[in-house]
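Data block below; observations after.
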Protein chains: 2
Amino acid sequence: MYGQMMRYPLTVPAILRRAARVFPDKEVVSRREDEGLARATYGEVYRRVLRLMHVLRELGVRPGDRVGTFAWNSQRHLELYFAIPSTGAVLHTLNVRLGRNELRYIVRHADDRLIFVDRCLVPLLAPLAAELARVRFVVLDDARRGAEQGLGGALDYETLLDGAREEERFPELDENQAAGLCYTSGTTGEPKGVLYSHRSTYLHAMGSGMVDSMAVSQRETVLPVVPMFHANAWGFPHAAVFTGAKLVLPGPHLAGEPLADLIERERVTLAAGVPTVWNLVLRSLQKKPRDVSSLQNMIVGGSAVPLALIRAWKERHGVTVTHAWGMTETSPVGCCSRLRTATLALPEQEQLAARAKQGIVVPGLEARLEDGQGQELAWDGKSLGELCVRGPWVAARYFGDEQPGEAFTPDGWFRTGDVATIDPQGYIEISDRKRDLIKSRGEWISSLAMEGAALGHAGVLEAAVTGRPDALRGEAPVLWIVPADGARPPAPAELVALLAQRFEKWQLPKLDDVRLVAEIPKTSVGKFDKKLLRKRLLQEQAAVSPRDGGST
Amino acid sequence: MYGQMMRYPLTVPAILRRAARVFPDKEVVSRREDEGLARATYGEVYRRVLRLMHVLRELGVRPGDRVGTFAWNSQRHLELYFAIPSTGAVLHTLNVRLGRNELRYIVRHADDRLIFVDRCLVPLLAPLAAELARVRFVVLDDARRGAEQGLGGALDYETLLDGAREEERFPELDENQAAGLCYTSGTTGEPKGVLYSHRSTYLHAMGSGMVDSMAVSQRETVLPVVPMFHANAWGFPHAAVFTGAKLVLPGPHLAGEPLADLIERERVTLAAGVPTVWNLVLRSLQKKPRDVSSLQNMIVGGSAVPLALIRAWKERHGVTVTHAWGMTETSPVGCCSRLRTATLALPEQEQLAARAKQGIVVPGLEARLEDGQGQELAWDGKSLGELCVRGPWVAARYFGDEQPGEAFTPDGWFRTGDVATIDPQGYIEISDRKRDLIKSRGEWISSLAMEGAALGHAGVLEAAVTGRPDALRGEAPVLWIVPADGARPPAPAELVALLAQRFEKWQLPKLDDVRLVAEIPKTSVGKFDKKLLRKRLLQEQAAVSPRDGGST
C-alpha cells in the first residue's frame, strides 16, 4: 500500500524558487576581479537565471548535456549553479587549480559542450582551447578582454543575457536526474567524477539547514571561502539559497586581508573554508585589527583543524570553530563536530579535544568502521578502521563506471579511504588517509596527529608527515616543516621534544628526518601532495642505499 | 541521464537506527498513569522495537495492514510509532477525544486489525468492542486491569514483549509505502484520513531539525504536550529520535501543575502544545514558583496565539514563543514564525506583532494565496485569500478516495481552508477558517483577530467569535467569553471598548452579543466547536424571529 502524499520531486529549481518567493530582497554580494563589490537580490538573481536558462537552450544545451564552469565564487557562478540543472543539463564545476593534463582529461571525459570561464582565468584555459575543438567558451566578465588573452571567438555572458527573454516555465524534472558533476582530485590513478542528482543536491541542502549539521538559516550571512569548483563549496551556495541566507562570495580574492575586510564590511556571521585560510585571516587581523564581531561560527574542514586555530579564534574573536569532514563523493558534508550536551558539561580542555575531532555523522547519513576483512569494528574510540558511509547524498559509483568498483562494499556502502576511530559518544576522528598511515614496528602512526602536534610550535607554519622505508622499523616518519614568517626557525631537537609529549619514543622521527623546507607541494585542492613527498624520499634513498646500506 | 547517487530509501526505521547507533545513551522519560516516571534509553527502546516487530508479525500483521493506537504520549506509544511502520504496516493513531460514533466510523473506515490501548483509556473504547468484532486489542499497561474495565480477552503488551525475540533485520521498504494514518477532526462531513508515506515522514522529521523550522537537535530536551494521537504530535517524536534529542512524554497528565513539575524535573528546553496548555502552566507557575530556567523555546499552535501569552512567557520566564501553523494534511508543520533578521532590528512591539503571525513557510513547502476564482493573490499583507500549499509532506488526496477532490486545486496544491494574508516579508497571518469568517456589510471580519483582542482583557480566560445572521449587516459578530477564575467578570461595555482599539465601529459586536458563558464547547482536537455555536445562535433566532423580526 502506497502513501497518498504529493509526488513532489526534490529538485534544484525548487531550492531557487523558495529564495525568489520568500526572500526576494535578500542579497548576494560578490567581490569582482577589480575588488569592487557587485550586489544583487535573490529576486534579481532569479530573473537572471530565467534568462540564462533561455540562453542555454538557444546555445543548444539539451537535458543531460554537461556544461562546465571554470570560475571563482561569484554571483554569475551562482546563476550557473541554478540555471544549468534547471534546464535538465548537468553543472560540471572544473577545478581551476588543475594541471593542464588533468584538465584536458576531465573536460574530455565529461564531454563538456560549453564552458563558462572567468576572464581572469582565461590564461589557464586558453592554451587548451585548440585541443578541445568541440567546446564553446563563454567569458563571464568581458569576452573582448578574454579574446586578448587567447580565447578568440568566446561568447560574452552579459551580452547573451541582454539578448535573452525570461523562460516562462521550468521543465518537469525527475528528482533522480543528474544535476551536477564534480571530479575528485585523484591522488591515485585518473580523476573520477561524481554525478549528483537533483534529489541528492536538494536533500544535502536541506540537511545543511539542520541545527546538528551546518545550521545554515535565513538569520545568517554566509561566506563560503571554499571554492564553488570544489565539492560544491561544501553545499553552502545551495543551502544559503534554500534558507534565504545572505550570501557573500569572495571572487578571486582569497588572501587574509581581503577576506578580513569582507567579513567586516558585510557583517558575515558564518564562514567556511580550510584551516590555512583561517590562519591567514587571523594573521591579517593581528597586523590590522578590524571589527569582525559579527562573525560567530566558522566551519572548517578539508584537512584536520589544529587545536591552536580553534583556540585562537575563540579567545581572540569569540568565534566557534566547528570541525567538519566530507568528500566529493559525499556531496560533501559527512560529519561535523557539534558538541553533545554531555561534552558541553566537561571542562574547557576536554571540550576542545572533542572540537578537534571531525565530529558526529550528520542526520541523513550512516557511518561504520571496517577492518581490512570487511568486519565491522566497535565504536570504542580505539579500534582503527576504514570509515564507510551511506545515505541519500553519497555516490553509488563513479561517472562512466558501469559497476561500483572497489570503493564500495558488497552491501553498498562507500569506502572513504579515511582511517578513523569512533568513540562511544559517536565522535569520529580521522587518523589518516589509508595510504598515508605509517606502519612502524608493526604499529600505526597517524601522520595527521603528528602534524597537529608539530603545529603547536609557534615557529611552524605548515607541517607534513610521511613515511620512508626503514630497514629496522619497517617505516619511519619524516617531518616536513615550513617555518613561519619572521619567527626563529625551530630546531629539529625542539620539535622532536614537542612531539615526545604526545608520542611514544619509538614513534618519533629521527633528528635527520626533520626537514625544514621553503614549501610543501600541494594538490589542486590544496592538500599536501604526499605522493610526491614519498617519491622524493624513495629517490633519495635509491641514490644513497647502494653505497652505504641506509641512512642513520 | 540519471545521477549516480545511492538509492537510499527515506524510511521510518532509518530515523530510529540513527538514535540507536549514535545516541544509544540518550533518554526517553515518560510519566505513567500513576504519576511515576519511566525511563529508558534509545538503545533500550530500539531493542524493544525489534521485539515488538516480532510480536506484530506473530499476531499476523502484514505489510499494509492498519494497526491502531489509542494512547497518550508515552514510551510505549513511541515504540509503536516505530515498530509498526518498520514492519511495513501502517500506524493509525486514534484520537482519544473522539465521540463514540466518530470513533466507530474511523476504526471501520481504516479497517484496523489490532488496536493498542492505554489501560486508563479502556473505558472509552470497551463499549465499542462488541461492534468491532474484527479488531483485537492489546492493553499497553496491564491487560488484567483492562479486562476488569470491559476489555476481556485483550492481550498484554509487556507479556507479549517478554515472549518475543528481537527481529534480526528490517524488511526492505519502498519509501513511498504507507507508514501512518491520521484522521482530521472533520467539523464538516465525515472524518477524512491522511495516509502518510515513509518518505513524507522522514522528510518532515528532517525539516523539523532545520534552524528555520522547529530546530529540534541533539542539544534539546523536548516535551511534546501536543498528543501523539493528533497530527503525529506535530512530528516531534520523529524529529527527536532522528536528532537524538532527549524526549519527555507527559502521559495523561496534561494539567498546568504536572507539566510545570515535569519541565523543572527533566530540565526541558523545548516544549510544544496549544495556547490553552501554556496558559495553564503559566498560572500554575504563578501559584507555585518552580525553576523552569532550562526552558528556552516553546512552539505554540493549533489555534492563534494571543500576544499576551507570548509576552508573559518572555517577560516572566525568558521563554521565546514561536508560533507555528499546520494541519493533519501537512504532516503537520507548514509555517513557523522564526523572525527575519530585518524584523529583529525593529522595536520590540513590532517584533511581537510579527511573532503573533503564523510565520514563514518552512523550507520544503511552497505557499500561495488564492481568491475564490483560483487566481493567485499578491503577498502585500492586505489581500485576503485561501492559503494553498504543496510539498513532499502534504497529502495528495484522502485515504480511500480515488480522486483528489475539492480540497485540491486542479494543478495539485492543497487548499487548506484557512483564509490568510501574506506580507512582503513572507509572514503568513491566518485570518480564519474559511467557514468562520464573518461577512458584515460586505466586508470580512476575522474571528481570530477579534478573539485575540478580547484575550487582552485580564478577566478573560477564553474567547470565541462567531457570526449570526443579521438583517441589516448580513452577519454580525457574537463574542463568547469564559471569565478567568477568581477575576472580576468583564462587563460587555469594557470588552467592546477594548475591541474598539483595533476594530472599526461597524465591525464591533453589540452589547447584547457579548455572552459570558461557563464553557465554550470544543471539538475532539480541542478547538472551539464553532459549528455548534453557530447552530445555537440559529436556533435562538428561529425561536425569536417569527415574533419580533430580530433582536435589537
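Please treat every number below as a calculation from the coordinates, not as lab data. Everything numeric in this text was worked out from a predicted model, so none of it was measured. Here Cβ is always computed from backbone atoms with ideal geometry, including for glycine, and neighbour counts include all displayed protein chains.
Taking amide H as placed 1.01 Å from N in the peptide plane, the amide H of B:Leu508 sits under 5 Å from none that are at least 5 places away or on another chain. The GluC sites (Glu not before Pro) of segment A:379-444 that meet both conditions, a loop assignment by DSSP and at most 10 other Cβ atoms within 10 Å of the site Cβ, are A:Glu402, A:Glu406.
The alpha carbon gyration tensor of segment B:76-179 gives principal lengths a ≥ b ≥ c with a/c of 1.5 or higher and a/b no greater than b/c, which makes the shape oblate. Summarising the amide proton neighbourhood of B:Leu181: residues at separation of 5 or more, or on other chains, whose placed amide H is nearer than 5 Å comprise B:Leu91, B:His92, B:Thr93, B:Tyr196.
Taking the number of Cβ atoms within 10 Å of each Cβ as an exposure proxy, the fewest-first ranking of A:Ile445, B:Ile422 is A:Ile445, B:Ile422. When the alpha-carbon atoms of chain A are used, the pair Rg, Dmax equals 23.8, 78 angstrom. For segment A:437-548, the normalised intensity computed at q = 0.10, 0.18, 0.22 Å⁻¹ comes to -0.28, -0.91, -1.31 (log10 of I(q)/I(0), Debye sum over alpha carbons, equal scatterers, no solvent). For the residues of B:201-209, the average number of beta carbons from a partner chain within 10 Å of their own beta carbon is 4. Label-point spacing for B:Arg134 across the identical copies (point 7 Å from Cα in the Cβ direction), in nm and ascending order: 6.1. The mean number of partner chain beta-carbon atoms within 10 angstrom of a residue's beta-carbon across peptide A:465-477 is 0. Sparse packing (at most 13 other Cβ atoms within 10 Å of the Cβ) combined with a DSSP loop state is found for the following GluC sites (Glu not before Pro) in segment A:32-96: A:Glu35. Cβ crowding within 10 Å ranks B:Ile481, A:Ile430 as A:Ile430, B:Ile481, fewest other Cβ atoms first. Around the amide H of B:Leu114, modelled in the peptide plane, lie the amide H atoms of B:Gly68, B:Arg136, all under 5 Å away and 5 or more residues distant in sequence or on another chain.
When the C-alpha to C-alpha distance is required to be over 23 Å, the pairs from B:Lys357/B:Lys382; A:Lys439/A:Lys530; B:Lys288/B:Lys357 that qualify are B:Lys288/B:Lys357. For segment A:312-419, what does the alpha-carbon gyration tensor say about shape, rounded, prolate or oblate, given a ≥ b ≥ c as the root eigenvalues, a/c under 1.5 as rounded, and a/b over b/c as prolate? Note, shape of segment A:312-419 comes out prolate.
Principal-axis analysis of the Cα atoms of chain A puts helix A:100-110 at an angle of about 50° to the longest axis.
What is the angle, in °, between the Cα long axis of helix B:42-58 and the longest principal axis of the Cα atoms in chain B? Nearest 10 is fine, range 0 to 90. Helix B:42-58 sits roughly 80 degrees off the main axis of chain B. Taking Cβ atoms as reference points and 10 Å as the exclusive limit, the residues near B:Ser217 contribute a net charge of 0, counting Lys and Arg as +1 and Asp and Glu as -1.
Checking the a/c ratio against 1.5 first, then a/b against b/c, what shape does the Cα gyration tensor give for the protein assembly as shown? Prolate.
Against the longest principal axis of chain B, how steep is helix B:12-22, in degrees 0 to 90 to the nearest 10, with axes from Cα atoms? Taking Cα atoms only, the helix is inclined about 70 degrees. The charge dipole of the protein assembly as shown, taken about its Cα centre with unit charges on the Cβ of Lys, Arg, Asp and Glu (plus for the first two, minus for the last two), comes to roughly 580 debye.
Counting Cβ atoms of other protein chains within 10 Å of each residue's Cβ and taking the mean over peptide A:387-397 gives 3. Value of Rg to Rh for segment A:9-246, rounded to two decimals, is 0.94; Kirkwood radius and Rg both from alpha-carbon coordinates.
Working note: Karplus 6.51/-1.76/1.60 with θ = phi - 60° gives segment B:408-425 the couplings 10, 6, x, 9, x, 8, 8, 8, 6, x, 9, 9, 8, 10, 10, 8, x, 7 Hz, where Gly and Pro are set to x.
Residue by residue, segment B:265-276 carries 3J(HN,Hα) couplings of 5, 9, 6, 5, 10, 9, 10, 9, x, 7, x, 3 Hz when phi is fed to the Karplus relation 6.51 cos²θ - 1.76 cosθ + 1.60 (θ = phi - 60°); x denotes Gly or Pro. Arranged from fewest to most other beta-carbon atoms within 10 Å of their beta carbon, A:Phe236, B:Phe408 become B:Phe408, A:Phe236.
Placing unit charges on each Cβ (+1 for Lys and Arg, -1 for Asp and Glu) gives the protein assembly as shown a dipole about its Cα centre, and among B:Val67, B:Thr93, A:Tyr42 the Cα reaching farthest toward its positive end belongs to A:Tyr42. Projecting 7 Å from Cα along the Cα-to-Cβ direction, the label point of A:Arg100 sits 9.0 nm from its equivalents in the other copies, listed shortest first.
For segment B:470-485, putting each phi into the Karplus relation 6.51 cos²θ - 1.76 cosθ + 1.60 with θ = phi - 60° gives couplings of 9, 4, 7, 9, x, 10, 10, x, 10, 9, 9, 10, 9, x, 6, 3 Hz, in residue order, rounded to whole numbers and with x for Gly and Pro.
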